[in-house]
Amino acid sequence: AVFPFLIFDNSRDFLSDSYGKKVCEYNFFSEFKLKREFRIHESYVGSSILLDFSKLNFFTRIQKSNFLFLRSVNKINDGETEQAKKILNQALEFNSESLDCLEALGVIFGEEKKFDDAHACMDKIIDLSPDHIMARTNKSLFYMREGKIDEAEKEKEISAKLSLGSFQKEIDEKREAKLNNQRAM
């Protein structure tokens, strides 16, 4: 059985009950469904259960970001892209360098034809990881959709070179492992 929870980070603004009484502080929150074994002491506000991020077993900002990324994937798969964007932005507050979050957000922007935002996400990925093949591939696709064929071809070429380089590196690593195994005999 799963139960709905609102998970929040209690650092800024606040949430109040129907009488205006301050119940808790939060930064951003989102609804999740947690299994019974993961529930901990909870507070009720109306029909919602509030649970603080810091009480979960997600101790680092990166772990919290990864948790939210996985939740956003579920939302994307359910067709709830607006909720997915909110969750991805929240995840990026915990880890602004999450390549997975940036790529997912960029792809959503691309699907919405918000190409400036989509390119900005991919550019940040490229700044953080210049050999990121999918960022280049996505940029190429965005340019194609925009009708910018020359830019699309340039990104496609860079992506192809990175892909071949990655493939060659994998072959070299397999050769080296094979040689090491032969030497060990």
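Within the range 127-142, identify whether any single residue is at positive phi and not β-branched (Val, Ile, Thr), and answer yes or no. There is no residue in the range 127-142 that is at positive phi and not β-branched (Val, Ile, Thr).
Filter the range 147-185 for residues that are β-branched (Val, Ile, Thr) and either farther than 18 Å from Asp131 by Cα or open to solvent by 90 Å² or more (accessible area, probe 1.4 Å) (or both) and give the result. Show your work before the answer.
Keep residues of the range 147-185 that are β-branched (Val, Ile, Thr), which gives 149, 158, 171.
Answer for the range 147-185, where residues must be β-branched (Val, Ile, Thr) and either farther than 18 Å from Asp131 by Cα or open to solvent by 90 Å² or more (accessible area, probe 1.4 Å) (or both): just Ile149.
Among all positions in the range 68-79, there is no residue which is more than 30 Å from Leu164 (Cβ to Cβ), among the aromatic types (Phe, Trp, Tyr) and either at pLDDT 95 or above or under 14 Å from the mean Cα position of the chain (by Cα) (or both). Look at Glu82 and say whether it is open to solvent by less than 50 Å² (accessible area, probe 1.4 Å) and either on the phi < 0 side of the Ramachandran plot or assigned to a helix (DSSP H, G or I) (or both). The answer is no for Glu82. Just one of the numbered conditions (1) touching a Leu at 6+ places or on another chain (Cβ under 6 Å); (2) buried (at least 19 other Cβ atoms within 10 Å of the Cβ); (3) within 22 Å of Ser163 (Cα to Cα) is not true of Ile133: (2).
Suppose we keep only residues that are under 14 Å from Arg71 (Cα atoms) and touching a residue at least 24 places away in the same chain (Cβ under 8 Å) within the range 90-124. Which one would you say is farthest from the chain's Cα centre (by Cα)? Let's see the steps before the verdict.
So in the range 90-124, the residues under 14 Å from Arg71 (Cα atoms) come out as 90-92, 100-101, 104-105.
Subsequent filtering for residues that are touching a residue at least 24 places away in the same chain (Cβ under 8 Å) retains 90-92, 100-101, 104.
Numbers: Gln90: 9, Ala91: 6, Leu92: 7, Asp100: 4, Cys101: 2, Ala104: 6 Å.
The extreme case among them is Gln90.
Conditions (1) in contact with a His (Cβ under 9 Å, 6 or more places away or on another chain); (2) of a type outside the set (Val, Ile, Thr); (3) not in a helix (DSSP H, G or I), marked per residue:
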site: His119; (1), (2), (3): no, yes, no
site: Asp131; (1), (2), (3): no, yes, yes
site: Glu155; (1), (2), (3): no, yes, no
site: Ile158; (1), (2), (3): no, no, no
site: Lys161; (1), (2), (3): no, yes, no
site: Lys174; (1), (2), (3): no, yes, no
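Among the residues of the range 88-117, those identified as among the acidic types (Asp, Glu) and not in a helix (DSSP H, G or I) are Glu97, Glu112.
Suppose the filter is free of Cβ contacts under 8 Å to residues at least 24 places away in the same chain and surrounded by 13 or more Cβ atoms within 10 Å (Cβ to Cβ); does Lys139 pass it? Steps first, answer last, please.
Working: free of Cβ contacts under 8 Å to residues at least 24 places away in the same chain: yes; surrounded by 13 or more Cβ atoms within 10 Å (Cβ to Cβ): yes.
Yes: the conditions hold for Lys139.
The values are calculated or read from the model by the stated rules, or taken from the named source; none is laboratory data. Being a predicted model, the structure only gives us computed values, none of them experimental. Positions of Cβ are generated from backbone atoms using ideal geometry, with glycine treated the same way; all protein chains shown enter the neighbour counts. The accessibility values were calculated without ligands, DNA or RNA, using every heavy atom of the protein model including side chains. Shrake-Rupley method; radii C 1.70, N 1.55, O 1.52, S 1.80 Å.
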